[in-house]
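Below is one structure, written out as structure tokens; comments come after it.
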Amino acid sequence: MPELPEVETVRRGLAARVLGRPVADVEVHHPRSVRRQPGGGRELADRLVGQTFTAAVRRGKYLWLTLGEDAGAPPDHALVAHLGMSGQLLVQEPAGARRAVDAPDAAFLAPAGERPADLTATLPPTVVRDIPLTTAHLRVRIALADGGELWFVDQRTFGHVMAVDTVPTDDGAPGGLGSAAAVVPAPVAHIARDLLDPALDRRELVRRTRARRTEVKRALLDQSLVSGVGNIYADEALWRARLHGTRRTDVLRPDRLRALFDAATDVMNEALAVGGTSFDALYVDVDGAAGFFARSLAVYGRAGLPCPRCGAVVRREEFMNRGSFSCPRCQRRPAAPR
């Protein structure tokens, strides 16, 4: 499923493309996509039509558009989207409109060993092009007053959208990345802050992680502890920090945990710089363009290939009904307790 870099890429696209644009109409094409809306598609339309998108906000893997009758209205409700396994938010401009989108520089597509050392040193250039959008798997269509449209497309229908009330954050800090308002949609209130959130208390995160007394990879994936990290970036961060995912959090020194969270932050920022990780057409940005960080992965999905650091063969192990990838030399499995 899309992780923090992919969802943040979508959030940035929405911030650039739909803010200040009033909603004219809403069509629901599949009931599963509004299953979290108590009143279904009718309630969703009632809460959106006539409202204007005022901010695009994200916390972890959740993103939302705050709503108001005008751009200065307080964000007392929001349109929340969870992309699930295959959800996409696509912007369709009025007929004849052209849109500027980021195109990856050739260096970002180069094989491992041929890429620049600092992937975030330069951003891809911007080009103008038309990207055809398809109505296949279109689940919710939000028509904008100026003729544009916001589509929720979801092949597997695991994702959903819902218009909900907002509540104050526990700490009074901004609710998530992309907004100055100290509110968060009620269904998202239990989701922890993420590693790109300036309001995240990293010292407290380390303390809480050590108190969990669990395997370190399980802690990374615990969205109530720190949000936004999924299987891909957990494996990449653990490789960078030279930790095996079964290491216990309660025996790891605080400095090792800080280094792990720093590694996760770095790898997600690098992925964000190239639009995230796309293995297939299920994840794309608001214009239907794929991300290119898959070419930069060190261990995830690379079982049987050499570790780019030491040359040992990357292994795949079973973990929570999925695969976990690591280097047997750089990330030695801890000894079994006696």
Original post:
All but one of (1) within 30 Å of residue 68 (Cα to Cα); (2) in contact with a His (Cβ under 8 Å, 6 or more places away or on another chain) hold for residue 180; which doesn't?
Top reply: (2)
**OP:** Check every one of the helices (runs of 4 or more DSSP H) wholly within the range 182-243 and list those with 1 or more residues that are open to solvent by 20 Å² or more (accessible area, probe 1.4 Å) and closer than 19 Å to residue 170 by Cα.
**Re:** 202-212
Original post:
Which number in (1) under 24 Å from residue 4 (Cα atoms); (2) in contact (Cβ under 8 Å) with a residue 60 or more places away in the chain marks the one condition that residue 333 misses?
Top reply: (1)
Subject >> Selection within the range 41-62 - over 16 Å from residue 139 (Cβ atoms), of a type in the set (A, V, I, L, M) and either open to solvent by less than 10 Å² (accessible area, probe 1.4 Å) or within 25 Å of the chain's Cα centre (by Cα) (or both) >> reply: 55, 56, 57
**OP:** Could you tell me whether the range 308-316 includes any residue that is open to solvent by less than 20 Å² (accessible area, probe 1.4 Å), assigned to a loop (DSSP other than H, G, I, E, B), touching a Lys or Arg at 6+ places or on another chain (Cβ under 7 Å) and modelled with pLDDT of 95 or more?
**Re:** yes
Subject >> Qualifying positions in the range 161-181 - over 17 Å from residue 61 (Cα atoms), of a type outside the set (A, V, I, L, M, F, W, C) and part of a loop (DSSP other than H, G, I, E, B) >> reply: 169, 170, 171, 172
Original post:
Quick one: is residue 250 within 22 Å of the chain's Cα centre (by Cα) and acidic (Asp, Glu)?
Top reply: no
**OP:** Pull up the range 157-177, narrow it to residues that are within 22 Å of residue 32 (Cβ to Cβ) and over 18 Å from the mean Cα position of the chain (by Cα), then point me to the one that is least open to solvent (accessible area, probe 1.4 Å).
**Re:** 163
Subject >> Filtered residues of the range 2-37 (kept if farther than 22 Å from residue 175 by Cβ and not small (Gly, Ala, Ser)) >> reply: 22, 25, 26, 27, 28, 29, 30, 31, 32, 34, 35
**OP:** Within the range 244-273, track down each residue that is assigned to a helix (DSSP H, G or I), within 17 Å of residue 334 (Cα to Cα) and without any contact (Cβ under 8 Å) to a residue 40 or more places away in the chain.
**Re:** 251, 256
**OP:** Take the range 27-40 and flag every residue that is open to solvent by 20 Å² or more (accessible area, probe 1.4 Å) and in contact (Cβ under 8 Å) with a residue 60 or more places away in the chain.
**Re:** 27, 28, 29, 30, 32, 35, 36
Original post:
For residues in the range 258-292 being hydrophobic (A, V, I, L, M, F, W, C) and within 11 Å of the chain's Cα centre (by Cα), which is most open to solvent (accessible area, probe 1.4 Å)?
Top reply: 272
Original post:
Do we find a residue being part of a loop (DSSP other than H, G, I, E, B), of a type outside the set (Asp, Glu) and either surrounded by fewer than 19 Cβ atoms within 10 Å (Cβ to Cβ) or at pLDDT 95 or above (or both) anywhere in the range 149-156?
Top reply: yes
Original post:
Any idea which of (1) at positive phi; (2) at pLDDT 95 or above is the one residue 321 doesn't satisfy?
Top reply: (2)
**OP:** Being in a loop (DSSP other than H, G, I, E, B) and either open to solvent by 20 Å² or more (accessible area, probe 1.4 Å) or among the aliphatic types (A, V, I, L, M) (or both) is the filter here, so list the residues in the range 1-26 that pass it.
**Re:** 1, 18, 19, 20, 21
Original post:
Taking the range 293-305 only, how many residues are touching a strand residue (DSSP E or B) at 6+ places or on another chain (Cβ under 7 Å) and either open to solvent by less than 20 Å² (accessible area, probe 1.4 Å) or not aliphatic (A, V, I, L, M) (or both)?
Top reply: 6
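The values are calculated or read from the model by the stated rules, or taken from the named source; none is laboratory data. No experiment lies behind these values; they were computed from the predicted model shown. Cβ atoms come from the backbone with ideal geometry, glycine included; neighbour counts cover every protein chain shown. These area figures cover heavy atoms from the full protein model, side chains too; ligands, DNA and RNA do not enter into them. Shrake-Rupley method; radii C 1.70, N 1.55, O 1.52, S 1.80 Å.
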